[in-house]
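No value in this document is a laboratory result; all are computed from the given coordinates. This structure is a prediction, so every number in the text was calculated from the model and none was measured. When we count neighbours, we look across all protein chains shown, and the Cβ atoms used for this are built from the backbone with ideal geometry, even at glycine.
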Amino acid sequence: MSSFSFLSSLQSTASPPNCRFHMSTSSSSSGFGRPSFDSFDTICRRRRRAWESAKASVGVEPRPTVSVGPAETGPVDCGGKLAAWTSVRQERWEGKLVVEGDVPLWLNGTYLRNGPGLWHIDDYNFRHLFDGYATVVRVYFEQGRVMASHRQVESEAYKAAMKKRRLCYREFSEVPKPASFLEYVGEVASLFSGASLTDNSNTGVVRLGDGRVLCLTETIKGSIQIDPDTLETLGKFVYEDNLGGLIHSAHPIVTESEFLTLLPDLVRPGYLVVTMASGTNERRVMGRVNCRGGSAPGWVHSFAVTERYVVVPEMPLRYCVHNLLRAEPTPLYKFEWHPESGSYMHVICDCNAQVASVEVPPYVTFHFINAYEEVAEDGRITGIVADCCEHNADTSILELLRLQNLRSFADHDALPDAR
C-alpha cells in the first residue's frame, strides 16, 4: 500500500480559520454548492444500520438454471483450482451453501458483488480479465445459515452476444470484427457517440441512499439497475441531466445522501467532479480539475475523499483516442504511458470548489483504499493522506491480467506484489 501525503501551505476557507495546506500550485474553479461529506465513521455507521435493517427475501426452491453455451476449449488446463478464471457454467443459480465451522449468529444481511463471469462466446475466448460479461453474486446471511445466488447482468452487450453469437460492442481489450470496411467505418463513427462502447457492468455494485442498487463499469451507459433480492436486471439507469460524457470512475463514493463520481474530459483534458443527491437521477457539477500534464486525462478507475475534500488522481497512464479507434488492441489497450507528462494529485474542496495540486512520482493504481485529514491539536488541518494500492509505476500489470497469464500459474502468484 502506498500513501501520498499533502503537507501544509495553501490556505483554504473550507476549514477552520488558519487551516493551511501545502500544494505546489492552486487554482480556483466554480461549481454548484453541495452538502459537506459525512465523516468516514458516520458513513460506516449509517451503512451498517441500513444493511442490518434491510429485509431480503430468500427463495425456498432454487431458481431454474440456464446454460450459456459450451465452456472454453483449447489447451488451458485449470487443474480444478482456477475456477476464478473460468466462465460460469449457468446463467443463474441459487442454493444453500454448506458451512464449515460456525457463522456468527449476529451476522445477518446481504452481500452483493459483481465481476467478469463469462469469458467466451461459443468457441471464441476473450483475452483479458476485464472483458468478461458481468455476473452479479449475492450472499445472504441469516441466523447461521448462508444462501448464495448468481446471475448474469443482462446488459445490451451481453444480450447481443448471446443472440448473434459474436462480440457486438467494444470491451476493454476486445473489438468487434467488422464484416466489411463500410461496417468498420460505421462502428468507428458510432464510437464518438458512445453507441459502440460496451455497457457490460462488471466492475462495481453500489446501493444508493434510496435503496436502488446499481451495477457499474467505466462507461456511463454501463450503469444498470438490478433487484438486490432476485438479481434480475431492471434496466439501464438513466442520468437525467445534460452533462453527457462517455466515461466515469468505475468506483464512485456513495453515502446515504449522495453519489459522487469523476467524469474525465477527453476534449478539454481534465475531470468534472459531480454529485447526485439521493432519490434523484440528476448529476450536478461540484467543480472541475484541469489536467496539469499531457494531452489527455489520466485513467481514473477510482479516487478518494476525506471529510472536506475530494482527491483526484492524474496518472501518467493516460487515455489515448488513437488507441480507442484501432481495430486491434495495443499493448496498453485504450491508454498510453507518458511519464514525461508528469504525475499529479489534485485536491478539490467540497465547499468552494477550490483546487490545489501537487506533482508526485509516477504511479499506477487501480484502487484507492482510504484518505483522511491530519489535524493538529489546535484544530488546523496540516495534511491529507491518501492510501492506494500502487503497482510500482509499472504498466505491465495490465498485460499480466490477460487470462492466458492468470490461467498459467500453478504454485506461484502470477501477479507481482503491489506497494
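Take every Cα-Cα pair in segment 262-350 and report what % of them are more than 16 Å apart. Intermediate values should be presented prior to the final figure.
Working: 2231 of 3916 pairs.
Here the tail beyond 16 Å accounts for 57 percent of pairs.
Taking 0.36 nm per residue of sequence separation and subtracting the Cα-Cα distance, how much length would be gained by fully extending the chain between TRP106 and ILE397, in nm to one decimal? The partial results should precede the final answer.
On the way: separation 291, 0.36 × 291 = 104.76 nm, distance 3.94 nm.
Once the chain is fully extended between TRP106 and ILE397, it gains 100.8 nm.
Would you kindly state how much longer the chain becomes between ALA160 and VAL98 on full extension, computed as 0.36 nm times their sequence separation minus their alpha carbon distance, in nm to one decimal? Write down the numbers at each step before the final one.
Values: separation 62, 0.36 × 62 = 22.32 nm, distance 3.59 nm.
Full extension from ALA160 to VAL98 adds 18.7 nm.
First obtain the Kirkwood hydrodynamic radius of segment 245-418 from its Cα pairs, then insert it into the Stokes-Einstein equation at 10 °C and 1.306 mPa s, and state the resulting D in µm² per second as a whole number. Numbers along the way, then the final one.
On the way: Rh = 17.5 Å.
Using the Kirkwood radius from Cα pairs, D works out to 91 µm²/s.
Fewest first, what order do SER193, SER2 take by the number of other Cβ atoms within 10 Å?
Numbers: SER193 9, SER2 18.
Result, fewest neighbours first: SER193, SER2.
Where does each of 143-152, 115-124 land if you order them by average Cβ count within 10 Å, highest first?
On the way: 143-152: 16.9, 115-124: 19.0.
Those peptides, ordered most packed to least, come out 115-124, 143-152.
Quick one: which residues, 5 or more positions from ALA304 or on another chain, have an amide H under 5 Å from its amide H? H modelled 1.01 Å from N in the peptide plane, none for Pro or chain starts.
VAL311
How large is the Rg to Rh ratio of segment 194-304 when both quantities use alpha carbon positions and Rh follows Kirkwood? Walk me through the numbers before you get to the answer.
On the way: Rg = 13.8 Å, Rh = 14.4 Å.
In segment 194-304, Rg relative to Rh is 0.96.
Run the simple label-point estimate for SER295 and VAL139 please: 7 Å along Cα→C-beta, distance reported in nm.
4.7
Multiply the residue separation of HIS367 and ALA414 by 0.36 nm, subtract the distance between their alpha-carbon atoms, and state the gained length in nm to one decimal. Show your work: numbers first, answer last.
Numbers: separation 47, 0.36 × 47 = 16.92 nm, distance 1.91 nm.
Result for the pair: 15.0 nm of gain on full extension.
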